[in-house]
Amino acid sequence: IQAAVNQVTAGGQVFALTGTYPEDVLVNKSVTITGDGPTLTIIDPVTFVAITSGDVTLEDLAVVNGGTHGVRIENIVNPLPNITFDNVHFKNNPQRGLEISATTVTNIQVLNSLFDGNTTGIRMSSTAVVDGFIIDNTTFQNHPNTSTGMGFYQANDGGNGYVKDLHVTQSTFTNNGFSGIYVEEPIDMLVETSDFSGNSRGVMLFDWYTSAVANGTLNQITHNTFTDNTAASIMVLAGNVNGLGTPVSVDNNTF
């Protein structure tokens with residue numbers, strides 16, 4: 001796969017046929033990498049698949065058993081636009097299925113995908129900013145650690161990281177030991193028509209830090225189903241004068 005990425009013209013497409021590919025892949029140009037399906041085309045990276053360019057799509061493949069993460073997005077210099085994962089399975093990676101680190105990304109889409117058996121499904125680092133994050137028809141399951149087991153985790157830790165316009169829809173969060181969704185700096189987040197069952201917490205919004213981000217209009221949790229979440233279905237904590245910075249609406253859910 002790396003040889004094909006190196007050869008293809010920016011904006012082109014790489015077809016990864018059926019097989020297991022035990023290699024790290026550096027995606028440093030605009031490209032679409034298409035497999036034969038996540039049960040047939042499997043990347044088994046030594047460390048992780050690194051994405052350092054915008055306008056990148058990974059589709060119809062799996063990334064499993066990475067040395068650290070499955071996929072890592074990082075570009076300290078330039079914001080990255082338009083990164084899409086469609087029908088990608090992130091399985092059994094010892095840290096994160098998808099790590100977004102030290103960068104700004106506009107428009108990430110995670111569609112029709114699976115995060116299973118990683119330590120954390122998706123994590124945004126405390127220096128990562130995402131403006132426009134769609135998660136649709138995706139399952140986050142079996143991240144059981146009671147401290148790090150999260151489906152989606154956006155960190156701030158006193159840094160400048162935040163997520164704006166996070167839209168989660170038609171997705172499932174099951175057996176996540178800390179929280180299905182855990183967000184520290186949400187701006188205009190919408191979580192709807194999703195199912196949270198057997199987690200410790202379903203959705204947790206937590207702002208403990210003095211650094212503030214721009215205020216938003218509304219964080220909304222609506223038309224979801226919460227079942228057998230052992231600590232809380234929805235937990236909201238604001239530990240400093242800044243608070244969450246954005247109002248929170250919880251309506252039309254089933255508990």
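The values are calculated or read from the model by the stated rules, or taken from the named source; none is laboratory data. Computed from a predicted model, the values in this text were never measured in an experiment. For neighbour counting, all protein chains shown are included, and Cβ atoms are generated from backbone atoms with ideal geometry for every residue, glycine included. These accessible areas exclude ligands, DNA and RNA; they are computed on the full protein's heavy atoms, side chains included. Shrake-Rupley method; radii C 1.70, N 1.55, O 1.52, S 1.80 Å.
Normalise the Cα radius of gyration of the range 61-108 by 2.2 N^0.38 Å (N = residues in it) and let me know the number.
Numbers: Rg = 11.4 Å, N = 48, 2.2 N^0.38 = 9.6 Å.
The reported ratio for this selection is 1.19.
Hull surface divided by four, with the convex hull built on the Cα atoms of the range 62-209: how many nm²?
Convex hull of Cα atoms, orientation-averaged projection: 7.4 nm².
Determine the sum of side-chain charges near ASN112: Lys and Arg each +1, Asp and Glu each -1, restricted to other residues whose C-beta is under 10 angstrom from that of ASN112.
Its environment carries a net charge of -4.
Cβ under 10 Å from LEU80's Cβ, LEU80 left aside: what net charge do those residues give with Lys, Arg +1 and Asp, Glu -1? Walk me through the intermediate numbers first.
On the way: positive: none; negative: ASP55, GLU74.
Value of the local net charge: -2.
For the chain, what does the accessible surface come to per residue with a 1.4 Å probe? Please give it in Å².
Working: 9740 Å² over 255 residues.
Computed with neighbouring chains in place, this is 38 Å² per residue.
Using a 1.4 Å probe and ignoring any ligands, DNA or RNA, find the accessible area of THR146 and quote it in Å² to the nearest 10.
Roll a 1.4 Å probe over it and THR146 shows about 100 Å².
Divide by every residue of the chain the summed helix terms, -39500 (n - 2.57) for each DSSP H run of at least 4, and state the resulting mean residue ellipticity at 222 nm, rounded to the nearest 500 deg cm²/dmol.
Dividing the helical sum by the residues of the chain leaves -500 deg cm²/dmol.
Could you list log10 I(q)/I(0) for the range 145-255 at q = 0.13, 0.18, 0.19, 0.23 Å⁻¹, which the Debye formula gives when each Cα is one point scatterer?
Treating every Cα as an identical point scatterer, log10 I(q)/I(0) equals -0.43, -0.83, -0.92, -1.29.
Provide Rg over Rh for the range 15-78; use the alpha carbon set for both Rg and the Kirkwood Rh (inverse mean inverse pair distance).
0.97
What ranking, highest mean first, results for peptides 43-54, 97-108 when packing means the other Cβ atoms within 10 Å averaged over each residue?
The packing order, highest mean first, is 97-108, 43-54.
Can you work out the Karplus-derived ³J(HN,Hα) for every residue in the range 63-79? Use 6.51 cos²θ - 1.76 cosθ + 1.60 with θ = phi - 60°, whole Hz, and x for glycine or proline.
10, 10, 6, x, x, 10, 9, x, 10, 10, 9, 7, 7, 5, 7, 10, x
Sorted by packing (mean other beta-carbon atoms within 10 Å per residue), highest first, where do 150-160, 32-42 land?
Output ranking for 150-160, 32-42: 150-160, 32-42.
What is the percent of Cα-Cα separations in the chain that go past 32 Å?
Of the Cα pairs, 17 percent sit more than 32 Å apart.
I need the Debye-formula profile for the range 1-119: one equal scatterer per C-alpha, no solvent, reported as log10 I(q)/I(0) at q = 0.12, 0.15, 0.18, 0.21 1/Å, two decimals.
The calculated log intensity ratios at q = 0.12, 0.15, 0.18, 0.21 Å⁻¹ are -0.35, -0.57, -0.85, -1.20.
Please list 10-17, 118-125 highest first by mean number of surrounding beta-carbon atoms within 10 Å per residue.
118-125, 10-17
Taking H as built 1.01 Å from N, whose amide H comes closer than 5 Å to the amide H of GLN13, not counting residues under 5 places away?
Those lying under 5 Å, H to H, from GLN13 are THR32.
Using alpha carbons only, what's the Rg to Rh ratio of the range 76-151 with Rh from Kirkwood?
0.97
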